[in-house]
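Take a look at the structure below.
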Amino acid sequence: MATLGFNSFTITGALEKNPKLRLALFPCDKKGEKRVSRTSVKAMGAAKYKGTQMREKKLTEMIEKKVLEAKEVCEGDKTSDECKVAWDEVEEVSQAKADLRRTLQIEKKDPLESFCQENPETEECRIYED
Amino acid sequence: MAVSTVYTTQSLNSTCSISTPAKTHLGFHQKQVVFYRRTSKKGSSSGSGSGSGSGSCVITCSAGDSQTVVIGLAADSGCGKSTFMRRLTSVFGGAAEPPKGGNPDSNTLISDMTTVICLDDYHSLDRTGRKEKGVTALDPRANDFDLMYEQVKAIKNGVAVDKPIYNHVTGLLDPPELIKPPKILVIEGLHPMFDERVRDLLDFSIYLDISNEVKFAWKIQRDMAERGHSLESIKASIEARKPDFDAYIDPQKKYADAVIEVLPTQLIPDDNEGKVLRVRLIMKEGVKNFSPVYLFDEGSTISWIPCGRKLTCSYPGIKFHYAPDSYFGNEVSILEMDGQFDRLDELIYVESHLSNISTKFYGEVTQQMLKHADFPGSNNGTGLFQTIVGLKIRDLYEQITSSKTAAPLEATKA
């Protein structure tokens, strides 16, 4: 009978298989920032257009920024409306980033593909080059 | 500029049906105009003889072709419902794609048979607006249920709508996109069953109920690689959203025709990785066009471990349970799977023992699971039950559409 390998999606499982992944999980300090962001963008797979690369970058920055904001806002009162709205925003952008990652890595498509067929002249549709 | 398509048909002698597609190439439900010419009747058996007689023609049209089947899917944003969408659209064939050439940040997915709308598009407040008012996206005050109702109703009745787009990247409401009535409309999001009027439009509804421990594990998988996130931030985010989630989202599950409940496994003591899952498919009894899946003997209580002499499984194995029960006052049947599939033959063995799975051929469930072996949940009850629910929806769709016969055009002559 054929043996099927199903992907294991846990972090611990992945780390066991590939200890080198440890590096990718820990954020770099400011010095390594450029390199990490480039690496993490490259790792996203099928990003082809500048617009997609810009979105990835924007979402990554927003996650970082909004987590810091939420931590600040919640310092005072964890149960306040401001606090829960702040974490809700974190959730929203985290999910948006995850959706983009899935489209690029698993479906191997650039979400701007069909838009750029129609509008190849726009800034967004310049072919992304590293 | 008017565009029309002309069809010709044979003479309408007695009762004859002409089926024209209710949706033209433009996808709109358009008015049909029928031109007819009465030929003189010689030797008519009615005996009136004059040949010029007054005849009346009755032409009736039924809207049968344009009724869209509407499915509602409720879940919190990070709970794999997009995986569910992809499995569902795959059951119907064809890949679901974002609308071509429109707003690249559209949340909509379109395939041959189905259109999937994200209910975030009905946010009445954008990100800034919600911040100002101090409401989360989970709060009903951030959503326009009147518009949701009007548009879902319109689509259900075969009328295209201009639906707003909520842009998750910018947090703004973008100009609307045109949604043409598909054969199957799926509305997915936080509140598909919140508003009673929208609930009444649904032909079938599903709620994805993820337990806290599993939600935490899934969000760790989703977010840990992101700069800025840590275990603490992920935990804080879940906890901060919990009160609104419990108040506004969770109560919808009592209205669902099917609930897929995802819990940590009971097979491994103290397992907190969320790797092995226990999944329960809670199916309401008495739902039109939906017959619950069962194991061996409908309505009885069964515990089943398929691994043994005929089937060898690796640790921790697979365990099934099936029983009738009560859920929020409704009679339900619950099919439960704990553990995971390791090999193809385990999957097909299990499939061959389930009943009422609405497959069109032996091994269809296995085939669908294999097709998306890279999707999360492909080796456990989430993938299995999502696939089965997809097949049940196909079955429901076929039952609904076959009960509407094509429009007979009746011409009666007096």
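The values are calculated or read from the model by the stated rules, or taken from the named source; none is laboratory data. None of these values were measured; they are calculated from a predicted model. FYI the Cβ positions are ideal-geometry reconstructions off the backbone, even for glycines, and counts take in every protein chain you see. What goes into the accessible areas is simple: the full protein's heavy atoms, side chains included, and nothing from ligands, DNA or RNA. Shrake-Rupley method; radii C 1.70, N 1.55, O 1.52, S 1.80 Å.
Before moving on, here are some points about what is shown:
- Some residue of the stretch B:327-337 being among the aliphatic types (A, V, I, L, M) and closer than 13 Å to B:Leu277 by Cα: yes
- Tally, over the stretch B:187-237, of residues that are open to solvent by 30 Å² or more (accessible area, probe 1.4 Å), under 13 Å from the mean Cα position of the chain (by Cα) and either within 11 Å of chain A (Cβ to nearest Cβ) or under 18 Å from A:Glu92 (Cβ atoms) (or both): 0
- Residues in the stretch B:152-186 that are out of contact with any helix residue (DSSP H, G or I) (no Cβ under 8 Å at 6 or more places or on another chain) and part of a helix (DSSP H, G or I) were compared, and the one that is most open to solvent (accessible area, probe 1.4 Å) is B:Ala154.
- Residue check, A:Asp99 closer than 18 Å to B:Asn167 by Cα, free of Cβ contacts under 8 Å to residues at least 12 places away in the same chain and open to solvent by 30 Å² or more (accessible area, probe 1.4 Å): yes
- Test for A:Val93: is it under 14 Å from B:Glu226 (Cβ atoms), touching a helix residue (DSSP H, G or I) at 6+ places or on another chain (Cβ under 7 Å) and more than 7 Å from every other protein chain (Cβ to nearest Cβ): yes
- B:Thr115 vs. criteria in contact with a strand residue (DSSP E or B) (Cβ under 8 Å, 6 or more places away or on another chain), over 26 Å from B:Asp244 (Cα atoms) and not hydrophobic (A, V, I, L, M, F, W, C): yes
- A:Ile127 of a type outside the set (Phe, Trp, Tyr), open to solvent by 60 Å² or more (accessible area, probe 1.4 Å), within 8 Å of chain B (Cβ to nearest Cβ) and more than 18 Å from B:Asn167 (Cβ to Cβ): no
- Sole residue being surrounded by fewer than 18 Cβ atoms within 10 Å (Cβ to Cβ) and hydroxyl-bearing (Ser, Thr, Tyr), chosen from B:Ser333, B:Ser352, B:Ser358: B:Ser352
- Pairs are defined by a Cβ separation below 9 Å, a sequence spacing of at least 6 or placement on different chains, a first member in the stretch B:350-378 that is within 14 Å of chain A (Cβ to nearest Cβ) and of a type outside the set (A, V, I, L, M, F, W, C), and a second member that is assigned to a strand (DSSP E or B) and crowded, with 20+ Cβ neighbours inside 10 Å; the pairs so defined are B:Gly377/B:Val262; B:Gly377/B:Leu277; B:Gly377/B:Val279.
- Check on B:Thr312, hydroxyl-bearing (Ser, Thr, Tyr), assigned to a helix (DSSP H, G or I) and within 14 Å of chain A (Cβ to nearest Cβ): no
- Test: A:Leu104 is more than 8 Å from chain B (Cβ to nearest Cβ) and within 17 Å of B:Pro98 (Cα to Cα): yes
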